[in-house]
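Enquirer: This is the structure, below, for whatever I ask next.
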Amino acid sequence: MMNRPHIEFVQAQMLPWRRIGAGLARPDAEYKMLSRDPDTGACSALIRFPPSWHREGPEHLAAAEEFYVLDGQFHMDGTTYDADCYAFLPALWPRHTMSSTTGCTMLAFYDREPALRAGAFGLVEEAHRRVIPKIDATKLPWDMTLNDPKLRHLGISRKNLRTNPDTGERTLLSLILPQSAPEQGKGPQEMHPCVEEAFVLAGALSGPQGTMYPGAYFWRPAGIPHGPFGAHWGAVTLIRFVGGHHVNEWSTQEIAFDMRPSYRPILPPHLAHLANEPWTPPPSY
Ligand SMILES: [Fe+2]
């Protein structure tokens, strides 16, 4: 069902912008493909709209779409999405007008090929139950309750954006405290029975594959041990658990933690060359 390769991790800065062709979601905008399932066309991408981008429908996508605005402003059917606004639109959801005056960059997730088709038609009741027209994440409180004692050292807080009650799939923001690291410089590895996908929005998050800066992205299939993690100056990450409920399963073996690891990514063949081009953020002072 899901056949995306393990990517852990790339900095989106290392990937090229490409023009979106006719017949796909948001034609004439640009995208960076973060990951894609070659069998179904399900994909995760950055989408960048130029200033004055405008589109008249009605039209719809074959895929369900989730998006999270990173910068700029996006308008759709009378709703304005500023930075940190999120939406989930089920497959076949109609769009009548879409535009961006300022230009806009968003993270977008599609559960199959986002084929674009003209027209709007009646939606099943379930679509109306599932749709999330807009969440302004800046208005949500951080949930600071501890959900796993083995992650106490990270002080993880969450803002839940979406839970699919049938599958357990979730989309959330995760906050990790500054100067957090496993005690004694080592810790167990965690593993989940579902995919974990993440995009770093702020800060820096260190683990065995390197330090992830804003723009870092990973797609980790189910059943792969990972961590331990720490964050020198904290990190905010958008996380999706895909294809099942998120459960932490812990290894008995402990792995050494390094706050300044070198870049040792796990990459599929088409991205393998990036392993030799570690990306570091520009100096801040
Ligand atoms: Fe995890």
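Enquirer: Report, by residue number, each residue of the range 150-182 that is charged (D, E, K, R), surrounded by 15 or more Cβ atoms within 10 Å (Cβ to Cβ) and assigned to a loop (DSSP other than H, G, I, E, B).
Expert: Listed by number, the list holds a single entry, E169.
This table checks each residue for (1) touching a strand residue (DSSP E or B) at 6+ places or on another chain (Cβ under 7 Å); (2) of a type in the set (K, R).
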position: N3; (1), (2): no, no
position: I20; (1), (2): yes, no
position: K32; (1), (2): yes, yes
position: S35; (1), (2): yes, no
position: C43; (1), (2): yes, no
position: P50; (1), (2): no, no
position: H54; (1), (2): yes, no
position: A62; (1), (2): yes, no
position: E65; (1), (2): yes, no
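Enquirer: Which of the residues belonging to the range 183-193 are more than 10 Å from the ligand (Cβ to nearest atom) and part of a strand (DSSP E or B)?
Expert: To start, the set of residues in the range 183-193 that are more than 10 Å from the ligand (Cβ to nearest atom) comprises 183-188, 193.
Hits for the range 183-193 are K186, G187, P188.
Enquirer: Ok, one more. What strands (runs of 3 or more DSSP E), lying completely within the range 71-144, carry at least 3 residues that are in contact with a Gly (Cβ under 7 Å, 6 or more places away or on another chain) and under 23 Å from E30 (Cβ atoms)? Give the derivation first.
Expert: Numbers: elements: 74-76, 79-81, 85-89, 95-100, 104-110, 116-118, 132-136.
The strands (runs of 3 or more DSSP E) meeting that bar are 95-100.
Enquirer: Only residues that are out of contact with any helix residue (DSSP H, G or I) (no Cβ under 8 Å at 6 or more places or on another chain), within 16 Å of the ligand (Cβ to nearest atom) and of a type in the set (S, T, N, Q): list them for the range 243-285, please.
Expert: The answer is S251, and nothing else.
Enquirer: Next up: One residue is enough: does the range 199-218 have a residue meeting the conditions touching a Ser or Thr at 6+ places or on another chain (Cβ under 8 Å) and exposed (fewer than 15 other Cβ atoms within 10 Å of the Cβ)?
Expert: no
Enquirer: Further, regarding this structure: Before we move on, is D39 outside any loop (DSSP other than H, G, I, E, B), surrounded by fewer than 19 Cβ atoms within 10 Å (Cβ to Cβ) and not assigned by TED's automatic domain parsing to the domain that holds I224?
Expert: Values: outside any loop (DSSP other than H, G, I, E, B): no; surrounded by fewer than 19 Cβ atoms within 10 Å (Cβ to Cβ): yes; not assigned by TED's automatic domain parsing to the domain that holds I224: yes.
Taking the combined requirement at face value, the residue does not satisfy it.
Enquirer: Among T171, T167, T163, T138, which is of a type in the set (S, T, Y) and either in the same structural domain as R95 (by TED's automatic domain parsing) or farther than 22 Å from A64 by Cβ (or both)?
Expert: T138
Enquirer: Of all residues in the range 209-242, count the ones that are within 14 Å of the ligand (Cβ to nearest atom) and in a loop (DSSP other than H, G, I, E, B).
Expert: Within the range 209-242, residues that are within 14 Å of the ligand (Cβ to nearest atom) and in a loop (DSSP other than H, G, I, E, B) number 9.
Enquirer: So, in the range 194-208, of the ones that are outside any strand (DSSP E or B) and under 18 Å from the mean Cα position of the chain (by Cα), which residue ends up nearest to the ligand (Cβ to nearest atom)? Let's see the steps before the verdict.
Expert: To start, the set of residues in the range 194-208 that are outside any strand (DSSP E or B) comprises 194, 204, 208.
In the following step, the residues that additionally are under 18 Å from the mean Cα position of the chain (by Cα) were identified as 194, 204.
Values: C194: 10, A204: 17 Å.
Per the stated criteria, the residue is C194.
The values are calculated or read from the model by the stated rules, or taken from the named source; none is laboratory data. Please read all numbers here as calculations on a predicted model, not as lab measurements. Positions of Cβ are generated from backbone atoms using ideal geometry, with glycine treated the same way; all protein chains shown enter the neighbour counts.
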